[in-house]
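The values are calculated or read from the model by the stated rules, or taken from the named source; none is laboratory data. What you see is a predicted model, and the numbers here were worked out from it, not measured in a lab. All Cβ positions, even for glycine, are placed from backbone atoms using ideal geometry, and neighbour counts span all protein chains on display.
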Amino acid sequence: MPDENLISRRGLFTKIGVLFNGLVAVAIAVPIVRFLLSSITRGRGNAYLSWVPLGRTSEFPEGETRLATFRNPYVMPTDGKTVDTACWVRRIEGDQFQVFAINCAHLGCPVRWFAQSGLFMCPCHGGAYYRDGSRASGPPERGLFEYPHKVENGLITIQAGELFTPGASAALIGKNPPCAG
Amino acid sequence: MRWLTQIGEWFDHRLQLAAPIRDAAEHRVPRNASSWFYVFGSAALTVFMLQIVTGILLALIYVPSASEAWSSLQALNHDVALGWFIRAMHGWGSNFMVAIVLIHMVQVFLFGAYKFPRELTWIIGVFLLLMTLGMAFSGQVLRFDQDAYWGLGIGASIASRVPFAGPMIVKLMLGGPIIAGATLSRFFALHVFVIPGMLIGFVCLHVLMVLKLGINEWPMPGRLVKRATYEREYHELTKKDGEPFVPDAIWKDMFFAAFILIAVAACAIYFGPFGPSGQPDPTIIQTAPKPDYFFLWLYALLSLLPPSMETPALLIGPVVAIIGLLLLPFLSGEGEKSWKRRPIAVLTVLLIAITLGEFTHLAGFTPWSPHMNAWSGNPVPERFLHSSTALQRQGALVFQSKQCRNCHSLGELGGQRGPALDSVAVRLTQDQLIRQVIQGGGNMPAYGKNLSPAETTALVAFLETLHPEGQVPAREAALREGGVQP
């Protein structure tokens, strides 16, 4: 009669086999998880953001709001047209600018500018904003998102690179741009 | 034919599958369960198989790259022989699948089929519904057009509202900082590998459990489910009043499955494929994105909820709904099965159906969205300008040019975001009109900074003429009390 407390040779090897497989699984899981989360980890510390030129200030008449487009600074080879981004540029006067995201602060649809009534209107759920980007009516809980911008040597440049979303962009919005115009 | 039998026997000697398959096919089902109400499960499975076949066919041409997807869909629609038909079958198949899965679920709920011992079959069914909806959304993304692009933006905006983890979830969902190539690639992986793989596994489990536990018998009012006795009673019923599933009970399933396939093909031929709409170019902003049919109710809900309710409703609502569905078989795992004696169950289904139906109906004409072109496209109807003064006509011009029309209709034309103004003069006095125009309020923007005093005077003069013939416009109460005649 073998002692029941005594572990058999095969039993021991089975246990070691399970342990060994567990270790290998963890070792393989680490790179898999890091690969899966790469889009998050890569963007740490605003690494996705860069300063992008929008054009000469002379292209934007004073007192008017114009559509401008730029290429997103972070590009992958298969992105196609999706990296071309639109934004609204409002030149208040002189070097005083406001650059608004195209995305409605409600759920991200593209807002349109109506110069006559001085309103941005959203086609999706009916959000509306005043010319300075503040909320006028509808479901948005806040005003339009604004890109940090600076004016240097007659060139207007914005800090861009991430999609504005109501939850995600709070960190970007609160910050003062280094040399805001 | 002897050699055919021999070949069959050679294989079965090695595979050993004939006996279990015969057992499964010929398992006895209650005679009363052979009903036209019991065909939706097999119909859902049939459409799922159609989706697998048409999906593989589409993958022969489709390119999951943000720069090529749209043009590969155009090629399918126009260049590849019958590419349009396969796309249309896959698109309509998805609509049919969501509809049939929902009908199947309602039938199972109303017939009490989720009760003991079929709780787990129901729970797996709930996951199958969620995966079906996941397939519907990810499929809409693969049709990489304007609607898909902005739909992803809406999805990201919703995901971003999750406390703390929101920004990270957005980057994980988009595969980067913006909606771009990586986003499409990961939705392709979800739509083609991950969710279908899980669906196949869960469908097998679901069907296996139906075979093992037996199909739900026709519910008789007053015949209660009890854990202690149900399985014995069911066994007796199939013995006493049962029939083999094949060949006696399966013919209704076969007829209905064939009918559904014909219906999908008919819709595909008659209506054609879905889109793609405009190119996924974010610099084209003249677009009013709309989700596919089965998410229209959500589109309406997001427009109508008060802003402060929205985030909690979006984040907590689905969790509560899913937990409720998962807990259902544990909360009422025994007792009455027949819908005739479960009024609350019937009312719940009706309430949900009417709510979803009405939201979908509203999303069809989006009364909450401004009509972006009404100010330049819909003229003020002539009857509103008859015998008006020069000032009033100037006001009508201001009314149009300041885009009031985008939100307010006149003569049934224009936006419906704000109230129709055909009889606004009956509701508001001159002072109230001026205040409303300048200060806004009640969801109307303030126009004070965008109207000169002269424009405001003209606009209000025009608005004061907007009242039905023979009805007196509103006047200051103080003036009326004072006996001053207008």
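Brief remarks follow.
- Flag set for B:Arg393, criterion: under 25 Å from B:Lys449 (Cα atoms) and either more than 10 Å from chain A (Cβ to nearest Cβ) or of a type outside the set (A, V, I, L, M, F, W, C) (or both).
- Residues in segment B:35-58 that are more than 25 Å from the chain's Cα centre (by Cα) and either in a loop (DSSP other than H, G, I, E, B) or in contact (Cβ under 8 Å) with a residue 60 or more places away in the chain (or both) were compared, and the one that is surrounded by the most Cβ atoms within 10 Å (Cβ to Cβ) is B:Ser35.
- All of B:Leu326, B:Leu347, B:Leu315 fail the test of being closer than 25 Å to B:Trp122 by Cα, exposed (fewer than 14 other Cβ atoms within 10 Å of the Cβ) and assigned by TED's automatic domain parsing to the domain that holds B:Ala66, apart from B:Leu347.
- Options A:Tyr147, A:Tyr129: the member that is closer than 24 Å to B:Gly155 by Cβ, touching a Lys or Arg at 6+ places or on another chain (Cβ under 9 Å) and among the hydroxyl-bearing types (Ser, Thr, Tyr): A:Tyr129
- Qualifying strands (runs of 3 or more DSSP E) (wholly inside segment A:38-119; at least 1 residues being closer than 27 Å to B:Ile169 by Cβ): A:50-56, A:65-71, A:84-93, A:96-101
- Single condition B:His408 does not satisfy, out of (1) surrounded by 14 or more Cβ atoms within 10 Å (Cβ to Cβ); (2) under 22 Å from A:Cys122 (Cβ atoms); (3) at pLDDT below 90: (3)
- Residues that are assigned to a loop (DSSP other than H, G, I, E, B) and at the interface with chain B (Cβ under 9 Å from one of its Cβ atoms) within segment A:120-154 comprise A:Cys122, A:Pro123, A:Cys124, A:His125, A:Gly126, A:Arg131, A:Gly138, A:Pro139, A:Pro140, A:Glu141, listed in sequence order.
- Condition met for B:Lys239 (touching a helix residue (DSSP H, G or I) at 6+ places or on another chain (Cβ under 9 Å) and basic (Lys, Arg)): no
- Positions within segment B:283-299 being away from chain A (no Cβ under 11 Å) and surrounded by fewer than 18 Cβ atoms within 10 Å (Cβ to Cβ), in sequence order: B:Tyr293
- Some residue of segment B:416-432 being in a loop (DSSP other than H, G, I, E, B), under 41 Å from the mean Cα position of the chain (by Cα), away from every other protein chain (no Cβ under 14 Å) and under 18 Å from B:Trp368 (Cα atoms): yes
- Inside segment B:186-233, residues that are out of contact with any strand residue (DSSP E or B) (no Cβ under 8 Å at 6 or more places or on another chain) and over 15 Å from B:Ser138 (Cα atoms) make up a count of 28.
- Taken over segment B:125-144, residues that are more than 15 Å from the chain's Cα centre (by Cα), buried (at least 20 other Cβ atoms within 10 Å of the Cβ) and either among the basic types (Lys, Arg) or more than 13 Å from B:Phe188 (Cα to Cα) (or both) amount to 3.
- Per the listing A:Val89, A:Val83, A:Val52, the residue uniquely hydrophobic (A, V, I, L, M, F, W, C) and facing another protein chain (nearest Cβ under 9 Å) is A:Val83.
- If you go through segment B:32-88 and pick out every residue that is in contact with a helix residue (DSSP H, G or I) (Cβ under 8 Å, 6 or more places away or on another chain) and under 30 Å from B:Lys240 (Cβ atoms), you end up with 12.
- Elements of type helices (runs of 4 or more DSSP H) in segment B:145-220, at least 1 residues being crowded, with 17+ Cβ neighbours inside 10 Å and among the basic types (Lys, Arg): B:166-174, B:181-189
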